[in-house]
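Visitor: A single structure is presented below for examination.
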Amino acid sequence: MATGQLFSKTTQALFYNYKQLPIQRMLDFDFLCGRETPSVAGIINPGSEGFQKLFFGQEEIAIPVHSAVEAACAAHPTADVFINFASFRSAAASSLAALKQPTIKVVAIIAEGVPESDTKQLIAYAKANNKVVIGPATVGGVQAGAFKIGDTAGTIDNIIQCKLYRPGSVGFVSKSGGMSNELYNSIARVTDGIYEGIAIGGDVFPGSTLSDHVLRFNNIPQVKMVVVLGELGGRDEYSLVEALKQGKINKPVVAWVSGTCATLFKSEVQFGHAGAKSGGEMESAQAKNEALREAGAVVPTSYEAFEGAIKETFAKLVEAGKVSPVKEVTPPQIPEDLKTAIKSGKVRAPTHIISTISDDRGEEPTYAGVPMSSIVEQGLGVGDVISLLWFKRSLPHYCTRFIEICIMLCADHGPCVSGAHNTIVTARAGKDLVSSLVSGLLTIGPRFGGAIDDAARYFKDAYDRGLTPYEFVESMKKKGIRVPGIGHRIKSADNRDKRVELLQLFARTNFPSVKYMEYAVQVETYTLSKANNLVLNVDGAIGSLFLDLLAGSGMFTKQEIDEIVGIGYLNGLFVLARSIGLIGHTFDQKRLKQPLYRHPWEDVLYTK
């Protein structure tokens with residue numbers, strides 16, 4: 001491996017398996033370091049394509065999303081780092097796919113638990129093709145002031161405290177990502193900071209070793225000293241011992257192998273990482289520390305003395321004139337996310353939508369304050385849900401039952417009415433369910449199913465003003481307005497609409513008052529004297545009875561009743577009900593595999 005620097009201020013990466021927070025942290029680090037271009041060139045999300053919006057400083061940017069490794073590498077040939085956030089199940093396959101791309105030089109595998117046989121295959125392929133694998137089970141790495149992988153170094157506050165926004169003189173390598181953050185802080189306190197830091201990962205077979213990176217640091221002129229944090233288990237540290245003995249490293253190395261407390265336990269102890277368990281005397285922390293010390297590394301007597309040893313070694317380099325003072329810079333302020341700023345009380349922002357009928361922010365959704373579980377546990381029905389979402393209150397059972405009866409009676413009226421006809425023609429044209437449904441719904445209006453609100457409005461106005469049926473009908477006639485809710489193309493005085501009769505029977509049996517319905521019946525009596533088909537139709541029945549429901553329940557003010565009628569609540573019942581039938585007609589045509597509909601010539605009057 002050896003060679004030298006892996007990253008620079010122009011390094012770009014491809015990010016596999018979209019995770020918003022790690023990518024945003026990378027972009028915030030870029031901005032902190034004064035990079036001109038984002039370090040994330042593209043995102044790979046299997047099965048997805050498009051763009052993801054993220055922030056680069058104050059500017060919102062769109063990062064391309066690709067569905068495959070090959071496509072992403074082809075689209076971003078300058079991106080030579082592959083950051084893999086896939087699960088342990090798929091991390092190996094996607095990492096191997098990346099290693100096989102000529103543009104990819106470094107692969108970082110974040111997942112823990114990648115099968116060891118898969119890891120060995122990746123290591124072998126990387127070595128044979130002169131590529132670098134960091135991980136598995138790694139947080140990644142960072143080159144101060146230039147580039148970082150994913151969540152390396154944690155929050156922006158920690159990055160600033162560790163002075164990672166500008167390069168220092170120390171090369172650092174560790175097995176532990178968590179301890180890396182701790183050491184970045186310690187090193188920043190007693191030296192001029194990190195130049196590059198790598199966490200190789202805690203699995204038994206890391207893609208690259210401690211000595212691989214130390215030898216690489218030795219070839220980087222800007223790195224003046226090296227800090228190594230190892231751990232008990234495995235023999236990785238002994239390759240570093242050999243490199244020191246053979247004189248391959250000519251820079252000061254300060255090292256500590258953690259896990260010395262393992263000797264206090266009577267049996268073998270497994271620490272946090274898969275590789276952190278002692279398999280014999282040579283794999284103990286004490287043996288490794290002693291071997292490193294004998295090979296020439298600066299090894300303190302305890303972890304507590306580690307920071308002091310780093311400080312002393314750096315001070316000697318400064319005294320010898322081997323380290324030039326680093327010019328301190330003030331990093332730019334990272335713009336705070338609006339959500340975070342609002343939560344902390346720093347800013348206030350207007351909302352864009354007001355909702356009073358439902359809330360999905362808690363443990364379960366609520367309808368007008370009633371938890372979903374309560375609705376189910378009480379055995380409430382569709383009428384109750386409508387009462388909550390439309391009227392924002394729990395109506396009495398007879399009211400919700402009436403709503404459900406209206407829905408059942410208006411669900412369909414055969415294939416010949418305009419809405420069903422439109423839906424059938426659209427479905428037979430091969431269109432989808434939503435298109436077929438909407439084509440039928442668009443016919444609902446003053447001439448088809450949309451007269452419920454108008455019927456309620458006119459009946460209410462006439463009754464409240466004390467007009468007799470004669471005065472009401474004749475005044476409408478003078479205005480040139482047909483009485484909404486009166487008249488039917490098929491039904492008549494001799495062929496009553498069964499739906500109207502059922503609604504009237506239910507209301508007379510259950511409603512406290514049916515004054516508006518009785519007024520509508522009186523109007524019907526007058527209109528039938530003019531023509532046999534001027535009967536009270538289902539629109540008129542529902543419209544008048546809904547007025548009785550609203551007024552008789554005692555739960556609505558006069559202003560609320562006027563608003564409900566004016567907004568179009570009652571037509572909403574017909575729209576909801578008829579949607580059931582229109583969906584049924586769509587499925588029926590699809591099931592019957594009906595061909596494209598063409599209207600017959602003989603049913604058209606061709607004229608000039």
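The values are calculated or read from the model by the stated rules, or taken from the named source; none is laboratory data. Computed from a predicted model, the values in this text were never measured in an experiment. We place every Cβ from the backbone using ideal geometry, glycine too, and count neighbours over all the protein chains shown. For the accessible areas, the whole protein counts, side chains as well, though only heavy atoms, and no ligand, DNA or RNA atoms are used. Shrake-Rupley method; radii C 1.70, N 1.55, O 1.52, S 1.80 Å.
Visitor: Of everything in segment 81-91, what is under 22 Å from Phe51 (Cβ atoms) and either among the basic types (Lys, Arg) or open to solvent by 10 Å² or more (accessible area, probe 1.4 Å) (or both)? Give them in sequence order.
Guide: The one that is under 22 Å from Phe51 (Cβ atoms) and either among the basic types (Lys, Arg) or open to solvent by 10 Å² or more (accessible area, probe 1.4 Å) (or both): Phe85.
Visitor: Let me ask something else about it. Just to be sure, is Pro512 touching a Pro at 6+ places or on another chain (Cβ under 9 Å) and either in a loop (DSSP other than H, G, I, E, B) or of a type in the set (S, T, N, Q) (or both)?
Guide: So Pro512 does not fit the description; no.
Visitor: Look through Ala456, Ala462 and report the one residue that is under 48 Å from the mean Cα position of the chain (by Cα) and either among the hydrophobic types (A, V, I, L, M, F, W, C) or open to solvent by less than 40 Å² (accessible area, probe 1.4 Å) (or both). Give the steps one after another, and end with the answer.
Guide: On the way: Ala462 fails: under 48 Å from the mean Cα position of the chain (by Cα).
Testing whether each residue is under 48 Å from the mean Cα position of the chain (by Cα) and either among the hydrophobic types (A, V, I, L, M, F, W, C) or open to solvent by less than 40 Å² (accessible area, probe 1.4 Å) (or both) leaves just Ala456.
Visitor: Could I ask something else about it? When you go through Leu380, Leu389 one by one, which is the residue that is open to solvent by 40 Å² or more (accessible area, probe 1.4 Å), assigned to a helix (DSSP H, G or I) and on the phi < 0 side of the Ramachandran plot?
Guide: None of the others qualify; the one that does is Leu389.
Here's the yes/no breakdown for (1) open to solvent by 20 Å² or more (accessible area, probe 1.4 Å); (2) assigned to a loop (DSSP other than H, G, I, E, B); (3) modelled with pLDDT of 55 or more; (4) in contact with a helix residue (DSSP H, G or I) (Cβ under 7 Å, 6 or more places away or on another chain):
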position: Lys251; (1), (2), (3), (4): yes, yes, yes, yes
position: Val254; (1), (2), (3), (4): no, no, yes, yes
position: Cys261; (1), (2), (3), (4): yes, no, yes, no
position: Lys266; (1), (2), (3), (4): yes, yes, no, no
position: Ala287; (1), (2), (3), (4): yes, no, yes, yes
position: Glu290; (1), (2), (3), (4): yes, no, yes, no
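Visitor: While we're on this one: Tell me, which residue of segment 403-441 that is closer than 21 Å to Ile542 by Cα and not in a helix (DSSP H, G or I) is most open to solvent (accessible area, probe 1.4 Å)?
Guide: Ranking the qualifying residues of segment 403-441, first place goes to His413.
Visitor: Within the group Leu32, Leu54, which residue is without any contact (Cβ under 8 Å) to a residue 40 or more places away in the chain and open to solvent by less than 10 Å² (accessible area, probe 1.4 Å)?
Guide: Criteria check complete, one pass: Leu54.
Visitor: Is segment 149-161 home to any residue that is modelled with pLDDT of 95 or more and touching an Asp or Glu at 6+ places or on another chain (Cβ under 8 Å)?
Guide: Looking through segment 149-161, none of the residues is modelled with pLDDT of 95 or more and touching an Asp or Glu at 6+ places or on another chain (Cβ under 8 Å).
Visitor: Related question: Could you please tell me which pairs satisfy a Cβ distance under 9 Å, a separation of 6+ or placement on different chains, a first residue in segment 397-424 that is free of Cβ contacts under 8 Å to residues at least 40 places away in the same chain and under 17 Å from His585 (Cβ atoms), and a second residue that is among the charged types (D, E, K, R) and not in a helix (DSSP H, G or I)?
Guide: Ser418/Arg447
Visitor: Just to be sure before I move on: is Pro484 part of a loop (DSSP other than H, G, I, E, B) and closer than 19 Å to Ala577 by Cβ in the structure I sent?
Guide: In short, yes.
Visitor: Quick one: Asn495 ticks every box in (1) free of Cβ contacts under 8 Å to residues at least 40 places away in the same chain; (2) surrounded by 14 or more Cβ atoms within 10 Å (Cβ to Cβ) bar one, so which box is it?
Guide: With (1) free of Cβ contacts under 8 Å to residues at least 40 places away in the same chain; (2) surrounded by 14 or more Cβ atoms within 10 Å (Cβ to Cβ) applied to Asn495, the lone miss is (2).
Visitor: For residues in segment 468-491 being touching an Asp or Glu at 6+ places or on another chain (Cβ under 8 Å) and not basic (Lys, Arg), which is surrounded by the fewest Cβ atoms within 10 Å (Cβ to Cβ)?
Guide: The first filter runs over segment 468-491 and keeps only residues touching an Asp or Glu at 6+ places or on another chain (Cβ under 8 Å), leaving 484-486, 488, 491.
After this cut, where a residue has to be not basic (Lys, Arg) as well, the list is 484-486, 488.
Numbers: Pro484: 22, Gly485: 25, Ile486: 26, His488: 18.
Among those residues, the one meeting the criterion is His488.
Visitor: What number of residues in segment 577-598 are in a loop (DSSP other than H, G, I, E, B) and among the charged types (D, E, K, R)?
Guide: Qualifying residue count, segment 577-598: 2.
Visitor: If you go through segment 552-567 one residue at a time, do you hit one that is touching a Phe, Trp or Tyr at 6+ places or on another chain (Cβ under 9 Å), surrounded by 14 or more Cβ atoms within 10 Å (Cβ to Cβ) and small (Gly, Ala, Ser)?
Guide: yes
Visitor: Whether any residue in segment 237-245 is outside any helix (DSSP H, G or I) and open to solvent by 20 Å² or more (accessible area, probe 1.4 Å) is what I want to check.
Guide: no
Visitor: Also, quick follow-up: Of all residues in segment 12-52, which are under 18 Å from Ala153 (Cα atoms) and of a type in the set (Ser, Thr, Tyr)?
Guide: Ser39
Visitor: Further question on the same structure: Quick check on segment 548-557. Is at least one of its residues in a helix (DSSP H, G or I), touching a helix residue (DSSP H, G or I) at 6+ places or on another chain (Cβ under 9 Å) and of a type outside the set (A, V, I, L, M, F, W, C)? Steps first, please.
Guide: Taking segment 548-557 as the starting set, the residues that turn out to be in a helix (DSSP H, G or I) are 548-552.
So of that shortlist, the ones also touching a helix residue (DSSP H, G or I) at 6+ places or on another chain (Cβ under 9 Å) come out as 548-552.
With of a type outside the set (A, V, I, L, M, F, W, C) added as a condition, the list becomes 548, 552.
Scanning segment 548-557, I find at least one residue that is in a helix (DSSP H, G or I), touching a helix residue (DSSP H, G or I) at 6+ places or on another chain (Cβ under 9 Å) and of a type outside the set (A, V, I, L, M, F, W, C), so the answer is yes.
Visitor: For the condition open to solvent by 100 Å² or more (accessible area, probe 1.4 Å), under 28 Å from Asp157 (Cβ atoms) and either outside any helix (DSSP H, G or I) or in contact (Cβ under 8 Å) with a residue 60 or more places away in the chain (or both), what is the one hit in Lys346, Lys316?
Guide: Selected residue: Lys346, the only one of Lys346, Lys316 that is open to solvent by 100 Å² or more (accessible area, probe 1.4 Å), under 28 Å from Asp157 (Cβ atoms) and either outside any helix (DSSP H, G or I) or in contact (Cβ under 8 Å) with a residue 60 or more places away in the chain (or both).
Visitor: Something else: Taking the condition of being in a loop (DSSP other than H, G, I, E, B) and among the basic types (Lys, Arg), how many residues in segment 204-236 meet it?
Guide: 2
Visitor: Turning to a different aspect of this structure: State which residue is farthest from the chain's Cα centre (by Cα) when the search covers only segment 479-520 and only residues that are more than 19 Å from Leu570 (Cβ to Cβ) and hydroxyl-bearing (Ser, Thr, Tyr). Lay out the reasoning, then the answer.
Guide: Step one: of segment 479-520, the residues more than 19 Å from Leu570 (Cβ to Cβ) are 479-480, 489-496, 498, 501, 505, 508-509, 512.
Retained after the next criterion (residues that are hydroxyl-bearing (Ser, Thr, Tyr)): 492, 509.
On the way: Ser492: 57, Thr509: 51 Å.
Filtering first and then ranking leaves Ser492.
Visitor: Another question, if that's okay. Which of the residues belonging to segment 196-207 are more than 18 Å from Gly259 (Cα to Cα) and surrounded by 24 or more Cβ atoms within 10 Å (Cβ to Cβ)?
Guide: Glu196, Gly197, Ile198, Pro206, Gly207
Visitor: Among (1) open to solvent by 30 Å² or more (accessible area, probe 1.4 Å); (2) modelled with pLDDT of 85 or more; (3) closer than 30 Å to Asp203 by Cβ; (4) under 47 Å from the mean Cα position of the chain (by Cα), where does Gly272 come up short?
Guide: Only one criterion in (1) open to solvent by 30 Å² or more (accessible area, probe 1.4 Å); (2) modelled with pLDDT of 85 or more; (3) closer than 30 Å to Asp203 by Cβ; (4) under 47 Å from the mean Cα position of the chain (by Cα) is unmet by Gly272, namely (2).
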